[in-house]
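Read the structure below first, then the notes.
The values are calculated or read from the model by the stated rules, or taken from the named source; none is laboratory data. Just so it is clear, the model here is predicted, and its values are computed rather than measured. As a convention, Cβ positions derive from the backbone with ideal geometry for all residues, glycine included, and neighbour counts pool all protein chains shown.
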């Protein structure tokens, strides 16, 4: 079944909307993390452990998501996974101890991992149909949603009770998922859910060497972004001594830069391989993050406003550097021989989840034992490592012009027709 231009545009807008909604819902609690830490009665070490162990839920989702997609299609899995993630954000208002919070966040991670694999499979499938790189636009949509959510949530935190906030935003997100999800690619269009892919079955853990490389790249590229989500508000409160409203500004600056960076991927990709762009960006992200947390801790003791400005500027450049990381490694998942895109993404995300569990615990332990400023050295190093790994991917990939038109379908895929 061929896609008309009108249908391709309709699906394009729907996928972008789902990424946007995911960004809104997934980030809404970030400015209120200090309140959630107090609510569950956790120190930094316990908080890091909870954040890491919650990834077990995501790992469980990754083990069965490709089977769900094969049976029900990416459209249905995306809608159900997104709704589940939003429901468990709402459930956080009932978590008043670390164990309950862990259960809810693990279930949310399970739903979120299901959503991530299915919606990214849709994006790569549509990218093949359009015969040009568009994945950066979708990840930019997530960043736009995340930025607006951080700004809005910082504002709401100044007057709205936590429970109302966490009921309102995810509830609206669920409604939007069902509205926009109607226009996602169906099984006959994206090659999932009707048995179009006839490749031989492989053990989940039997992976080509390139998948291990992409998995390592995904982890190092995404951990800095996750560290910003988990710890930027805590850093703003405990180191910069800011209230919840102003404390949302550093992360908002980071997310705004990610929007700009991801919207620039297509243009940059026309001149350089996306992994080459990511190689330089990793260096920028690592240096900028290191400069931001260092300057912030120095200036906060004498001038809070100057500290906030310095951190916001540095985090902005860190966001620019972070922008191409995940898209570059996700895009490369489209040309691994022997596996379709959903299979590669599931394996990459599973290995990433294993690494994230330990990394988040280590981040919390570092924050507790050496201080949050020094703890940020960890994501600084992962950003730098991501740049190195992106360079390795670039060397192994085809030339940029060939790659941009060679994303294989996740199954049978038609072309766009007038």
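State yes or no: is residue 166 assigned to a helix (DSSP H, G or I), at pLDDT 90 or above and surrounded by 20 or more Cβ atoms within 10 Å (Cβ to Cβ)? It would help to see each step written out before you state the result.
Details: assigned to a helix (DSSP H, G or I): yes; at pLDDT 90 or above: yes; surrounded by 20 or more Cβ atoms within 10 Å (Cβ to Cβ): yes.
Here the answer is yes, as residue 166 does meet what is asked.
Looking at segment 264-277, can you tell me whether even one residue there is over 26 Å from residue 153 (Cα atoms), at pLDDT below 90, in a loop (DSSP other than H, G, I, E, B) and under 23 Å from the mean Cα position of the chain (by Cα)? If you could, list the steps in order and put the result at the bottom.
Of segment 264-277, the ones over 26 Å from residue 153 (Cα atoms) are 264-277.
Next, only the ones that are at pLDDT below 90 stay: 264-277.
With in a loop (DSSP other than H, G, I, E, B) added as a condition, the list becomes 264, 270-273.
Within this subset, residues satisfying the condition of being under 23 Å from the mean Cα position of the chain (by Cα) are 264, 273.
Among the residues of segment 264-277, at least one is over 26 Å from residue 153 (Cα atoms), at pLDDT below 90, in a loop (DSSP other than H, G, I, E, B) and under 23 Å from the mean Cα position of the chain (by Cα), which makes the answer yes.
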Do any helices (runs of 4 or more DSSP H) lying entirely in segment 326-418 carry at least 2 residues that are closer than 15 Å to residue 225 by Cα and modelled with pLDDT of 80 or more, and which ones are they?
341-370, 377-396
Quick check on my filter: what residues within segment 1-12 are surrounded by fewer than 13 Cβ atoms within 10 Å (Cβ to Cβ) and either touching a residue at least 12 places away in the same chain (Cβ under 8 Å) or in contact with a strand residue (DSSP E or B) (Cβ under 8 Å, 6 or more places away or on another chain) (or both)?
1, 2, 4, 5
Is it the case that residue 226 is closer than 20 Å to residue 148 by Cα and part of a loop (DSSP other than H, G, I, E, B)?
no
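Would you say residue 332 is under 17 Å from residue 221 (Cα atoms), in contact with a helix residue (DSSP H, G or I) (Cβ under 6 Å, 6 or more places away or on another chain) and crowded, with 20+ Cβ neighbours inside 10 Å?
Values: under 17 Å from residue 221 (Cα atoms): yes; in contact with a helix residue (DSSP H, G or I) (Cβ under 6 Å, 6 or more places away or on another chain): yes; crowded, with 20+ Cβ neighbours inside 10 Å: yes.
When the stated conditions are applied, residue 332 passes them.
Okay, residues lined up against (1) surrounded by fewer than 19 Cβ atoms within 10 Å (Cβ to Cβ); (2) in contact with a helix residue (DSSP H, G or I) (Cβ under 7 Å, 6 or more places away or on another chain); (3) closer than 27 Å to residue 323 by Cα:
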residue: 103; (1), (2), (3): yes, no, no
residue: 111; (1), (2), (3): no, yes, yes
residue: 114; (1), (2), (3): no, yes, yes
residue: 120; (1), (2), (3): no, yes, yes
residue: 128; (1), (2), (3): no, no, yes
residue: 147; (1), (2), (3): no, yes, yes
residue: 161; (1), (2), (3): yes, no, no
Hits in segment 234-245 - residues which are assigned to a helix (DSSP H, G or I) and either out of contact with any helix residue (DSSP H, G or I) (no Cβ under 7 Å at 6 or more places or on another chain) or at pLDDT 90 or above (or both)
234, 235, 236, 237, 238
If we ask which residues in segment 13-53 are touching a residue at least 60 places away in the same chain (Cβ under 8 Å) and outside any helix (DSSP H, G or I), their number turns out to be 3
I need a count of the residues in segment 286-325 that are within 16 Å of the chain's Cα centre (by Cα), crowded, with 24+ Cβ neighbours inside 10 Å and in a helix (DSSP H, G or I).
5
Unmet criterion (only one of (1) surrounded by fewer than 23 Cβ atoms within 10 Å (Cβ to Cβ); (2) closer than 14 Å to residue 120 by Cβ) for residue 368:
(2)
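Considering only residues that are surrounded by 24 or more Cβ atoms within 10 Å (Cβ to Cβ) and within 19 Å of residue 294 (Cβ to Cβ), which ones fall in segment 243-252? Spell out the reasoning first.
Initially, segment 243-252 is screened for residues surrounded by 24 or more Cβ atoms within 10 Å (Cβ to Cβ), giving 247-248, 250-252.
Result: 247, 250, 251.
For segment 173-190, enumerate the residues that are assigned to a helix (DSSP H, G or I) and in contact with a helix residue (DSSP H, G or I) (Cβ under 8 Å, 6 or more places away or on another chain).
Of all residues in segment 173-190, those assigned to a helix (DSSP H, G or I) come to 173-181, 187-190.
Within segment 173-190, 173, 174, 176, 177, 178, 180, 181, 187, 189, 190 qualify.
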Taking segment 257-282, which residues are within 28 Å of residue 310 (Cα to Cα) and surrounded by fewer than 17 Cβ atoms within 10 Å (Cβ to Cβ)?
260, 264, 280
